[in-house]
1. Quick check: from the Cα gyration tensor, does the range 47-118 come out rounded (a/c under 1.5), prolate or oblate?
2. Mind giving me the FRET efficiency for W127 and S158? R0 is 41 Å, r the Cβ-Cβ distance, nearest 0.05 is fine.
3. Run the quick spin-label model on S75 and L114: label points 7 Å from Cα toward the beta carbon, then report their separation in nm to one decimal.
Amino acid sequence: MRRVLAKGFLAFSVSLCMLSAPSAAYAQTAEKAVTTGNAGREAVPMAEDPKLEARLVDISQELRCLVCQNESLASSHAELADDLRREVRDLIREGKSDQEIKDFLVARYGDFVLYRPEIKPLTWVLWFGPFLLLLIAAVFLGVYLRQRRALAAPAALSDEDRARAKQLLKD
């Protein structure tokens, strides 16, 4: 019964994939996974060349998905990520180096596309901003604690104040 339900769900997923996929290649890949029995195990690579696909994965793990922002391009399921991966595949096929591919994407989308942007004046805030904020917070915390300690310390009583306190206690 489970197997029948799983196959039904898988067929439904494939039909959704065929309707929403940006290209017929994705639908064919999903359909091939169902017919060959690979469904639910491992995704079928988009390229026939495993070296190309491995290089694509290496490069796309260092790139940020522009839609998801907290995911790498390799793990994102957004349509724009699919388009960017396709663009990276085309650049790899053209013989571009990894750095040339990254430079192309940075020129097109800005430093935000890189998970680890270069250290340059435009990205100093990204690299050093958190440490600067931490330092400022530590300074403010030190000043606050020093003021609090000064307020909490009991003031020394003068002889007049002691005499008056004794007088009040006797009454």
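1. Working: a/c = 1.76, a/b = 1.24, b/c = 1.41.
Oblate.
2. In this case the efficiency is close to 0.15.
3. 2.1 nm
Values quoted throughout were computed directly from the atomic coordinates according to the rules given, and no laboratory measurement underlies them. As the structure is a prediction and not an experimental result, all values here were calculated from the model. Neighbour counts run over all protein chains shown; Cβ positions are idealised from the backbone, glycine included.
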